[in-house]
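Have a look at the structure below before the remarks.
The values are calculated or read from the model by the stated rules, or taken from the named source; none is laboratory data. Keep in mind the model is a prediction, meaning the values are calculated, not measured. We place every Cβ from the backbone using ideal geometry, glycine too, and count neighbours over all the protein chains shown.
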Amino acid sequence: MADEARRLVFQFYHLLPVLTAYENVELPLLLLPLSADERRRQVTTALDLVGLSDRMWHRPGQLSGGQQQRVGIARAIVTDPTLIVADEPTGDLDAKSAEEIMALLTELQKGLGKTILMVTHDPRAARWAQRILHLEKGRLVEEDAADGQVANNLVTEAPKS
Amino acid sequence: MTPLERTLLSLADDPLRLAGASAVLIALTAMVYYHKPLVFILKSLARNKVRTVLTALATGLFVFVVTLVWSVLWFLDLATQEKKKDLKAIVTDRWQIPSQMPFEYAGPLSEGAYSKPGDIRPTDSMTWQFFGGTLEKEKPTRENLVFFFCMEPSKVMRRENGKVVSMMEGIDQLEPADLDRLEKGLKMMEEDPRRVIIGADRLKALNKRVGETISVYSFNYQDITLDDVEIIGAFPPGQYGQNAVMNRERLNKALEAYKIQYGKPHPMAEKTLNLVWLKVPDTEAYNKIAGQIEKSPRFTAPYVKCETISSGVGAFLDAYSDLLWIVRYPGVIAMVACMSLVISVAISISVRERRTEMAVLKVLGYGPNHILGLVLGEALLLGCGSGLFTATFAYVVVTHLMGGIPLPFFAWFPPFKVPIDALWWGLGLGAGTALAGSFVPAWSARSVKVSEVFAKIS
Amino acid sequence: MQTFAVSPRLLGMVGFFALLLVALAFLGRVPLKYNLRNLVVRWRVTVLTALVFAVVAALLTVMMAFVNGMYRLTQGSAQPGNVIVLSDGATDELFSNLAYGDTSDLERDPPNVLRDEEGRPLASWELYIVVNQPIPESSPLHRKGHHRRFLQLRGIKDPVLSARVHGLQLHPGGSWFSRAGVRDDPDGGKDQVIEVLLGEGIARAMGTDVGKPSLAVGDTFELGPRRWVVSGILTSAGTTFDSEIWAERQLAGEKFGKELGYTTLVLRTADAEKAKETATWLTTNFKKSAVMAQTETEYYEKLNETNKQFLVVFVIVAVFMAVGGVFGVMNTMFAAISQRIKDIGVLRILGFARWQLLLSFFLETLLIALIGGLIGLAVGSLANGWSMTSIAGSGMGGGKSVVFKLTVDLNIWLGVLTFILGMGIVGGLLPALSAMRLKALESLR
């Protein structure tokens, strides 16, 4: 469970409100035997990747919905996982922020070779995917290849967490 | 009349106590009258049972301790208050402790130094000579010590016109069966001075029973041993459980016998009388008799002083005054403060959690003062409820079931009981601390802005 | 009472706690700043809860300072090398009767008794009397309802020797009372006045009668049928002699009906070991009369009985309050946890183990306790040095009236801190356990 846990992104971001963006992202690293310097490097890298380096020391209450989600994503990638599971990542965002978040996720996939498994009700978000699995009442009913490309990682069943 | 009935009747004497009792009745009635909001409040409290129970327990504990402390202080205050009628006075050595006077003083002092027409006599009197010793000459221990009040048996208790008359505090509170036995025992002591009555608790420590005969090797009357001391009765356990009485004739005869045997008086012969108690009808009589005694030329070696019991107790308590001050002020204030704080914490948390609910109530038309009332009501119910309950518990358990708590350093006081006033102390404490602690959170609940609350939710 | 004498034990306890806390703080991976900042965010409730600890700590500090001060007084009064001799069977100086005939033998026979430069044994012959003094009506104390005080009068054969045995000196400006023990009345009365040495405490108390901070050399007062004059003040602070009046033995005795004999003999030996030897020798081997000898240390230890009883009462009160406070802090922490359920879920999902969460909330409670406790200690310590009167006795009622100062020292600090931390541990455990058991993902739904 722990391994998978580092790779979760949530609809409601689930950041600790009393900690800054930096500190929230740092949390998963505290469980690893890393030195403070190493941690700093990884956190700053992650926050860079999501484009929030200038807001490192802000608390969630001082960030917009989109920015908070980006912190959530940064937290998910800070341990450099191969798989990221996103549970309705755009569910709480307006159209513009949703687009930004999906662009970011795609970049992570293409640029860093990360696999992203996303659960969503939002068709616009789904269009960004390489492969879409439609589920109804937990049963697979349809399968699309959105870009016409067959996704590299075949998944036959949506993991129900 | 049972003690309870007596207590309730005594309330009528003191307007303050009457007010307190009325407050309790009013509170109970109010709870019945306002039962609808009461049920609502109870339901709110029931929503978080853990919090309610914790707060009630904490408040209850504090009230319990404060009740016990106030009971002790209350009794000490009572003991030092000057009575107006049926005063008891004691006559002792004017300067020295312990008080040791020659037995020749006994007669004149018991008459209040009555010497000429115009003087008055006390209505009753009692002499005390203390005789302490051990049952085991070679190995005296705390357990085999016995301490006798040598006095006239009839002064412990007698019946006049069917009423129990006694110079000793609290004898009239004994059960009728015990009083009858005591009366018989005292008569037997008068017939034969070798007979004694020892308290049940002391008998237990001595490992002796009624009917046995003991020998007492005295430590405060050197070289005097009383043999054939026959235990013919026992004081019931409780206030007199550790006491023992002996006919004073026995001691006086022993002193005479010493003189005959050794050819010289016993060193304590002129120092055997320790206290003389006098009962006087009122303050005027007391002042007159005190004057008679102090002006009398018969009491010069040693000089004596006459003072009321409350004055004597006051002097004794003087040494403890700082200790009592610490308990009475920093102590009680700290406990009351803690009570307020605990209630405050609980109510603050509760209000914070229910902001939505408060906003909804406001939308439904409840005014801000309604909300204030509900929160205050919650606090009051918690405070008064646990306060009243705990105080009643303390009263019933300590006073009626336990018969009082003896405090070792106040060895000569009867065991301390919780007075019935504890009931309104508990109520008052609960109400006061509840209001003090909940006022700020209640006010913030009152000022909940509906718009803010609903904006957050959407 | 031993707790106060054995500071190493307390030190050990606190050291253990400190180490535990440090270890816990390091073992825990949940950052401490998470707890600290949450305390600040809900500062009102944090402050209220901390105040409960503060109040308990402050009261406990004052009560312990009382017991400590009394204990120090009796400790300070005992000279380790002194042996106190009473007549056999006397539980108290008041009831002791050393017959006149024994005097020189009791001085000369026992082993180890030190001698002065002139070869005289360092022996203090004393007649202890408790006397009633009516407080003058003009005194402010009388108006407050105090009509009498019990004075401790010690009739002394040789004040210089006695002072030496007890380790006391005279404040500058005073002199020992003369052989005769009397002098002419400075106020011109026809009777001579009796010379006395006063303890500092009683000098202050009697000074209040006449509106002065303390009676001084040359002042007179009334006691019994005579007038008395202060010839010197003893350096008695910190001992039971602070409340005593010393006068020439014959004069003191005959005024109060004790013409012959003494109640007490105190012998000075070189150290505690020698004192024990001498005491045992006297109790078992001295056949000329029945005496009971003990080291002064033992004797004063027995006078602590009343103090121990006070301690019991204080501890009971403190425990009751502590339990109440524990319930209060449990409320706070339960509420904090239920408010932060989401945080707990997140941390669990991020990989933090249950016990690490338990630790985090546990430490949060201890933080509140510590803050409150330190504040309370600081406030309670303000009472340090306050003068108090109480009774030192065998615990069955009655005893010596003594004056002492509330004493807050390291022992008290350590003791109160331990008590408060204990409260925190008990109060924090249940809520922390409940935090540990929450199911992670359910809390995130």
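Some observations on this one:
- Between C:Ala392, C:Ala378, C:Ala383, the distinction of being under 30 Å from C:Phe310 (Cβ atoms), within 11 Å of chain B (Cβ to nearest Cβ) and surrounded by fewer than 22 Cβ atoms within 10 Å (Cβ to Cβ) belongs to C:Ala383 only.
- Cβ pairs under 6 Å, 6+ apart, first in the range B:188-200 and in the same structural domain as B:Glu152 (by TED's automatic domain parsing), second among the polar types (S, T, N, Q) and not in a helix (DSSP H, G or I): B:Met189/B:Asn247; B:Pro193/B:Asn247; B:Gly199/B:Gln242; B:Gly199/B:Asn243
- Taking strands (runs of 3 or more DSSP E) as the structural unit, those lying wholly within the range A:53-141 and holding at least 1 residues that are within 14 Å of A:Tyr13 (Cβ to Cβ) correspond to A:83-87.
- Test result for B:Asp86, more than 10 Å from chain C (Cβ to nearest Cβ), on the phi > 0 side of the Ramachandran plot and not hydroxyl-bearing (Ser, Thr, Tyr): yes
- Near pairs, Cβ below 6 angstrom, 6+ apart or cross-chain, from the range C:142-153 (of a type in the set (A, V, I, L, M, F, W, C)) to any residue that is modelled with pLDDT of 75 or more and not in a strand (DSSP E or B): C:Leu153/C:Ala252
- Looking across the range C:371-395 at every residue that is out of contact with any helix residue (DSSP H, G or I) (no Cβ under 7 Å at 6 or more places or on another chain) and at pLDDT 85 or above, the one that is farthest from C:Asn304 (Cα to Cα) is identified as C:Leu374.
- The number of residues in the range C:194-213 being at pLDDT below 90 and part of a loop (DSSP other than H, G, I, E, B) comes to 4.
- The range B:299-317, subset of a type in the set (A, V, I, L, M, F, W, C) and more than 17 Å from the chain's Cα centre (by Cα), residue nearest to the other protein chains (Cβ to nearest Cβ): B:Ala315
- Highlighted here are the strands (runs of 3 or more DSSP E) found entirely within the range B:95-172 that include at least 1 residues which are of a type in the set (Val, Ile, Thr) and within 30 Å of the chain's Cα centre (by Cα): B:124-134, B:145-151, B:163-165.
- From the options C:Ala247, C:Ala290, C:Ala270, C:Ala237, residue that is of a type in the set (Gly, Ala, Ser), farther than 19 Å from C:Ser162 by Cβ and assigned by TED's automatic domain parsing to the domain that holds C:Gln133: C:Ala290
- Any hit, the range C:293-303, residues being in contact (Cβ under 8 Å) with a residue 12 or more places away in the chain and within 14 Å of chain B (Cβ to nearest Cβ): yes
- Criterion violated by C:Ser77 - all others in (1) more than 9 Å from every other protein chain (Cβ to nearest Cβ); (2) closer than 30 Å to C:Val346 by Cβ satisfied: (2)
- In the range A:14-31 there is no residue matching the filter, namely being away from chain C (no Cβ under 14 Å), buried (at least 21 other Cβ atoms within 10 Å of the Cβ), part of a loop (DSSP other than H, G, I, E, B) and not charged (D, E, K, R).
- Contacts under 6 angstrom Cβ, first residue in the range B:230-255 being more than 22 Å from B:Asp172 (Cα to Cα), partner part of a loop (DSSP other than H, G, I, E, B), 6 or more apart: B:Glu230/B:Arg194; B:Ile231/B:Val210; B:Ile231/B:Glu212; B:Glu249/B:Pro193; B:Arg250/B:Pro193; B:Ala254/B:Ile224; B:Leu255/B:His266
- Of the residues making up the range C:106-141, those that are under 30 Å from B:Ser99 (Cβ atoms) and free of Cβ contacts under 8 Å to residues at least 40 places away in the same chain are C:Val130, C:Asn132, C:Pro134, C:Glu137.
Residue-by-condition table, conditions (1) within 14 Å of another protein chain (Cβ to nearest Cβ); (2) surrounded by fewer than 12 Cβ atoms within 10 Å (Cβ to Cβ); (3) small (Gly, Ala, Ser):
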| position | (1), (2), (3) |
| --- | --- |
| B:Leu18 | no, no, no |
| B:Ser22 | no, no, yes |
| B:Thr29 | no, yes, no |
| B:Leu42 | no, no, no |
| B:Thr59 | yes, no, no |
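- All helices (runs of 4 or more DSSP H) inside the range B:1-83 with 3 or more residues being more than 27 Å from B:Met358 (Cα to Cα), aromatic (Phe, Trp, Tyr) and out of contact with any Cys (no Cβ under 7 Å at 6 or more places or on another chain): B:49-80
- Remark: B:Val53 falls outside the filter, which requires a residue to be aliphatic (A, V, I, L, M), out of contact with any Gly (no Cβ under 9 Å at 6 or more places or on another chain), under 30 Å from C:Leu48 (Cβ atoms) and more than 13 Å from chain C (Cβ to nearest Cβ).
- The residues in the range B:321-344 that are at the interface with chain C (Cβ under 7 Å from one of its Cβ atoms) and touching a residue at least 24 places away in the same chain (Cβ under 8 Å) can be counted, and the count is 6.
- Hits in the range C:232-286 (condition: basic (Lys, Arg) and more than 15 Å from C:Leu98 (Cβ to Cβ)): C:Lys255, C:Arg268, C:Lys274, C:Lys276
- Which listed residue is out of contact with any helix residue (DSSP H, G or I) (no Cβ under 6 Å at 6 or more places or on another chain) and at pLDDT 85 or above, from B:Val418, B:Val396: B:Val396
- Picking from residues in the range A:62-99 that are surrounded by fewer than 19 Cβ atoms within 10 Å (Cβ to Cβ) and farther than 23 Å from A:Glu26 by Cβ, the one that is farthest from the other protein chains (Cβ to nearest Cβ) is A:Glu99.
- Restricted to strands (runs of 3 or more DSSP E) entirely inside the range B:200-273, those with at least 2 residues that are acidic (Asp, Glu) are B:225-235.
- Test result for C:Asp343, more than 9 Å from chain B (Cβ to nearest Cβ), more than 30 Å from B:Ala56 (Cα to Cα) and of a type in the set (Asp, Glu): no
- Qualifying residue in the range A:8-24 (condition: modelled with pLDDT of 85 or more, within 11 Å of the chain's Cα centre (by Cα) and closer than 22 Å to A:Arg127 by Cα): no
- Annotation for the range C:153-162: at least one member residue is away from every other protein chain (no Cβ under 11 Å), buried (at least 21 other Cβ atoms within 10 Å of the Cβ) and part of a helix (DSSP H, G or I).
- In the range C:115-138, the qualifying residues are those that are crowded, with 16+ Cβ neighbours inside 10 Å and away from chain B (no Cβ under 14 Å), and the one that is farthest from C:Ala163 (Cα to Cα) is C:Pro121.
Conditions (1) buried (at least 24 other Cβ atoms within 10 Å of the Cβ); (2) within 18 Å of the chain's Cα centre (by Cα), marked per residue:
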{"site": "C:Ala25", "(1), (2)": "no, no"}
{"site": "C:Pro31", "(1), (2)": "no, no"}
{"site": "C:Ala54", "(1), (2)": "yes, no"}
{"site": "C:Gln79", "(1), (2)": "no, yes"}
